[in-house]
Amino acid sequence: MIITHLLNKRRKKHRYSEYTRHNTPDFSVRLIKLVALLFVLVLIDAAGMMFFEGQSLGDALWMGLTTVTTVGYGDISPSTTGGRIVTIICLYVLGISILAHIITEFIEHRLWVSAEKKYGRWRWNMKDHILIINTPTIDSDNYLRKLLQQIRATPALTEYPVQILTDKFKEMLPKDIAALGVVHFAGNAENSDNLSAVNVSDARYIIVIANDYSDPQSDSLTFDVLDRIQEIGSKAMILAEAINDDNRKRLRRAGANVVVRPIRAYPGFLVRSLVAPGTEEVLEDLFTHDNAHMHRFDISFQDRCWQDLICQFVTSGTGIPMAYVTDGEVRCNPEPTQICSGEAIITLLNDGQTVTEQQVRACLNQ
């Protein structure tokens with residue numbers, strides 16, 4: 001019963017375990033050899049029982065298995081001297097010792113695997129996963145936590161397993177981060193062996209994070225990582241951060257499908273860019289005055305259908321309504337048929353477009 005208890009110790013099955021199967025050849029070979037040797041001893045004992053005790057093959061095997069596993073039902077037992085000697089040698093002396101050795105090997109292997117996973121040395125052999133390469137130098141734990149929460153909250157990404165390649169967590173991942181279905185491999189991203197260890201060739205999405213969002217030299221490290229990924233080969237959608245806008249084209253030529261500016265306060269921006277490429281340029285325009293910007297007009301209106309309001313603004317050349325303000329609360333992108341009232345309206349304008357309050361009032365009065 002003790003052995004049965006050891007073999008049935010509680011196991012916690014991870015929700016993403018189907019992507020993380022791994023096999024250690026040395027352990028497998030040793031285990032197979034020990035199990036084979038134990039089976040041979042049971043067969044020898046069964047042959048002795050058949051010869052000395054006159055038992056059938058089924059009864060002999062049953063007695064051998066219940067004896068060697070220490071279950072000891074006692075429903076069948078040797079009664080002759082020869083049968084008892086064979087049982088003592090094959091099962092009591094050798095069989096139970098080998099079974100104990102098998103259990104010891106198994107437990108030691110599980111402990112070794114647990115340590116390898118904990119300290120980021122385990123090769124997970126993932127496929128179709130999200131691979132995050134690097135973590136920010138500053139406030140990396142908090143940023144990574146927010147980024148992973150955004151990934152898990154995004155329907156298109158929620159079921160993908162996530163692996164992180166970084167030398168940041170050599171001790172172990174913080175528990176709250178690991179609880180988000182994440183594993184890590186401890187190593188430097190500027191190393192082709194480490195990139196192979198995290199299966200860049202089989203990843204579905206790859207995110208290359210700039211180590212330092214204020215240091216342009218981070219772009220050189222990102223370029224090196226992308227070049228190594230190209231050498232290995234990958235089918236993944238690759239998103240990379242660029243500190244210097246002049247390096248965007250270089251990073252795209254190096255293999256990045258999407259290149260974004262690092263925005264550490266909003267990791268959701270990175271996730272949106274990953275699942276909907278192109279949105280990064282729209283959003284970045286809103287942060288700068290390169291092509292478009294938002295403008296607020298403090299003009300009240302009553303009981304207007306939102307889709308009609310949009311049509312009026314567009315056709316009159318007064319921008320595109322994006323939100324309105326009512327009782328101090330901003331309502332972004334309401335339902336098209338919603339009837340709206342507010343004290344202000346926020347519109348999207350081109351940088352070369354000049355719109356006055358008089359034009360907006362005239363538009364609302366149509």
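The values are calculated or read from the model by the stated rules, or taken from the named source; none is laboratory data. Only a predicted model underlies this, so the values are computations on that prediction, with no experimental measurement involved. When we count neighbours, we look across all protein chains shown, and the Cβ atoms used for this are built from the backbone with ideal geometry, even at glycine.
Here are the numbers for the structure shown:
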quantity: Pairs with Cβ under 7 Å, 6+ apart, first in segment 208-219 and small (G, A, S), second crowded, with 17+ Cβ neighbours inside 10 Å and not in a loop (DSSP other than H, G, I, E, B); calculated: A210/S218; A210/T222; A210/E241
quantity: Candidate set from segment 161-216 (those that are among the hydroxyl-bearing types (S, T, Y) and over 13 Å from the mean Cα position of the chain (by Cα)); member that is surrounded by the fewest Cβ atoms within 10 Å (Cβ to Cβ); calculated: S214
quantity: Tally, over segment 30-62, of residues that are more than 17 Å from I103 (Cβ to Cβ) and out of contact with any helix residue (DSSP H, G or I) (no Cβ under 6 Å at 6 or more places or on another chain); calculated: 10
quantity: Test for T326: is it polar (S, T, N, Q), modelled with pLDDT of 90 or more, surrounded by 12 or more Cβ atoms within 10 Å (Cβ to Cβ) and closer than 16 Å to D298 by Cβ; calculated: yes
quantity: Residue in segment 267-281 that is over 22 Å from N199 (Cα atoms), touching a residue at least 12 places away in the same chain (Cβ under 8 Å), assigned to a loop (DSSP other than H, G, I, E, B) and under 23 Å from the mean Cα position of the chain (by Cα) present; calculated: yes
quantity: Test set (1) closer than 29 Å to E116 by Cα; (2) without any contact (Cβ under 8 Å) to a residue 60 or more places away in the chain; (3) surrounded by 14 or more Cβ atoms within 10 Å (Cβ to Cβ) - A36 fails condition number; calculated: (3)
quantity: Filter result (in a helix (DSSP H, G or I) and surrounded by fewer than 14 Cβ atoms within 10 Å (Cβ to Cβ)) within segment 48-87; calculated: L57, G58, T81, G82, I85
quantity: Counted residues, segment 237-254 - those being closer than 15 Å to L131 by Cα and surrounded by 21 or more Cβ atoms within 10 Å (Cβ to Cβ); calculated: 4
quantity: Strands (runs of 3 or more DSSP E) contained in segment 282-363 and holding at least 2 residues touching a residue at least 12 places away in the same chain (Cβ under 8 Å), among the hydroxyl-bearing types (S, T, Y) and outside the structural domain of R261 (by TED's automatic domain parsing); calculated: 320-326
quantity: Test: residue in segment 255-266 that is in contact (Cβ under 8 Å) with a residue 24 or more places away in the chain, assigned to a strand (DSSP E or B) and not assigned by TED's automatic domain parsing to the domain that holds M237; calculated: no
